[in-house]
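Here is the structure we will look at, set down as structure tokens.
Every number here is computed from the coordinates shown, using simple stated rules; none is lab data. This one's a predicted model, so the numbers in the text were calculated from it and none came from an experiment. Cβ coordinates were reconstructed from backbone atoms using ideal geometry, including for glycine residues, and neighbour counts include every protein chain displayed.
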């Protein structure tokens, strides 16, 4: 099981938007460059985020994209589900008569537990915290330790 590239880009976009001032609109081309993804692909991802009401868009000279609400109030689960749809590890998990084996299948409770754990982990991860972690990780990556003064 693996998330799609579109979901990966959506996560990157929302994390990046969380690092810029809330009132600033960021053009799609700059977002694509910032996350290292093709502009045409990012444009499609942004459309899905707009449809999910996670990211509003504005046209024109000062147009672009921003987060629809505070990053602290937006979860990774919301971003993933905006692209992938509702979390569903197996067809048997939703309520209703979707699987005749559900009542006696030994794997069903395992699927249900795995899905619940995934939803819990993704739901607990805020975009704000991921943005803070991203900034911190980048700072660590680019931190250069200078050698002690030499006696040359």
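Show that you can apply the helix-only estimate: for the chain, add -39,500 (n - 2.57) for every DSSP H stretch of four or more residues, divide by all residues, and state [θ] at 222 nm to the nearest 500. -16000 deg cm²/dmol, from helical runs alone.
How much FRET efficiency would the formula 1/(1 + (r/R0)^6) give for residue 61 and residue 137, where r is the Cβ-Cβ distance and R0 is 41 Å, rounded to 0.05?
0.75
Counting 0.36 nm for each residue step from residue 2 to residue 33 and taking away their Cα separation leaves a gain of 8.8 nm. Counting neighbouring beta carbons within 10 Å and listing from fewest to most, the residues 87, 14, 7 come out as 87, 7, 14.
For the chain, modelled as a GNM whose springs connect Cα atoms under 10 angstrom apart, the maximal fluctuation among 117, 107, 68 occurs at 107. Taking other C-beta atoms within 10 Å as the exposure proxy, 102, 124, 140 rank 140, 124, 102 from fewest upward. Stretching the chain fully between residue 121 and residue 98 yields a gain of 5.7 nm (0.36 nm per residue, less the alpha carbon separation).
Only one of [x] 1.35; [y] 1.05; [z] 1.43 was calculated from the structure for Cα Rg over 2.2 N^0.38 Å, and its label is [x]. Mean separation of Cα pairs under 8 Å and 6 or more residues apart, divided by the residue count, gives the chain a relative contact order of 26 percent. Residues 83, 35, ranked from the fewest to the most other C-beta atoms within 10 Å, line up as 35, 83.
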